[in-house]
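Notes follow once the structure below has been shown.
The values are calculated or read from the model by the stated rules, or taken from the named source; none is laboratory data. Source: prediction; values computed, not measured. With ideal geometry, Cβ positions are generated from the backbone for all residues, glycine too; neighbour counts draw on all protein chains shown. We work out accessible area using only protein heavy atoms, side chains counted, and drop any ligands, DNA or RNA first. Shrake-Rupley method; radii C 1.70, N 1.55, O 1.52, S 1.80 Å.
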Amino acid sequence: LAKGNYVGMLNVDMQEPPSEIPKLLDFLKDNKFDIAYGLFTERKTSFLNRMTSKLFNFILNWLTKNNTPHNVTTLRIMNRKFVNAYNTLTEKSRYIPGLETWLGFKHGYLPILHKEREVGESSYNFSKRMKMAIEAIISFSDYPLRIMVGFGFVISTIGFLSILLLIFSKLFFTIYQPGFTSTVSLITFLGGIQIMVIGFASLYIGRILREVQNRPLFIINEKYNF
């Protein structure tokens, strides 16, 4: 609902000082960016928190095919054009960094200060991070479904090759217990086929998801002579 020519986002814990906002605004204007992000120069959190944050962002970027820096801040400044484009998106489950990248506008990163928390403790614990990661992956990427199809194909291939190997071994080298060869081979082969079929079905579900999200087919950057 913000009506200004520039709109900002800022966490309420004050670890990203409001005094950094003018720097980010000038950075956006001087470089004619549509959105400018802050980057932590030094994050004032525990070593474990920093490591899990890096791991979290690495996995998330890999699965969503996004390239969000691991030290990006919530503090960001957007111009009116970017905000209007963002507001055309109608989906309810939103992975904000992914959607900002998907919109495709010109962006930049500026190092900013990160202060230690003065009051209270962070409620953004590991379980909430995991919940956000799952929400982001489900709402923004069907890559895990494609992995499932590939995994099913590999398992079914292994099952088929094991059938040939066990039959060859039984004919020329080893006497197996009756039923062992057929049981093991069929379980492996059919298990892989089941995973692959489920994966293909999931891809159609992923396509339904994209249709339900109803994102615009294109985003207009500028208009001339309208």
(request) Could you please tell me which pairs satisfy a Cβ distance under 7 Å, a separation of 6+ or placement on different chains, a first residue in region 1-19 that is farther than 17 Å from residue 121 by Cβ, and a second residue that is part of a loop (DSSP other than H, G, I, E, B) and open to solvent by 80 Å² or more (accessible area, probe 1.4 Å)? (result) 17/113; 17/115
(request) Give the residues of region 198-226 that are among the hydroxyl-bearing types (Ser, Thr, Tyr) and either at pLDDT below 75 or open to solvent by 60 Å² or more (accessible area, probe 1.4 Å) (or both), sorted by residue number. (result) 204, 224
(request) With the condition kept exactly as written, say whether any residue in region 99-112 is touching a helix residue (DSSP H, G or I) at 6+ places or on another chain (Cβ under 8 Å) and more than 29 Å from residue 216 (Cα to Cα). (result) yes
(request) Output the number of the condition that residue 152 fails; it satisfies all remaining conditions of (1) modelled with pLDDT of 75 or more; (2) not in a helix (DSSP H, G or I). (result) (2)
(request) Filter region 5-32 down to residues that are part of a helix (DSSP H, G or I) and among the charged types (D, E, K, R) and give me whichever is surrounded by the fewest Cβ atoms within 10 Å (Cβ to Cβ). (result) 30
(request) Name the one entry in 149, 184 that is farther than 28 Å from residue 84 by Cβ and in contact (Cβ under 8 Å) with a residue 40 or more places away in the chain. (result) 149
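Looking at 167, 158, 163, 195, which one is open to solvent by less than 70 Å² (accessible area, probe 1.4 Å), over 30 Å from residue 135 (Cβ atoms) and in a helix (DSSP H, G or I)? Outline the logic, then answer.
Working: 167 fails: open to solvent by less than 70 Å² (accessible area, probe 1.4 Å); 158 fails: open to solvent by less than 70 Å² (accessible area, probe 1.4 Å); 195 fails: over 30 Å from residue 135 (Cβ atoms).
Sole residue among the options that is open to solvent by less than 70 Å² (accessible area, probe 1.4 Å), over 30 Å from residue 135 (Cβ atoms) and in a helix (DSSP H, G or I): 163.
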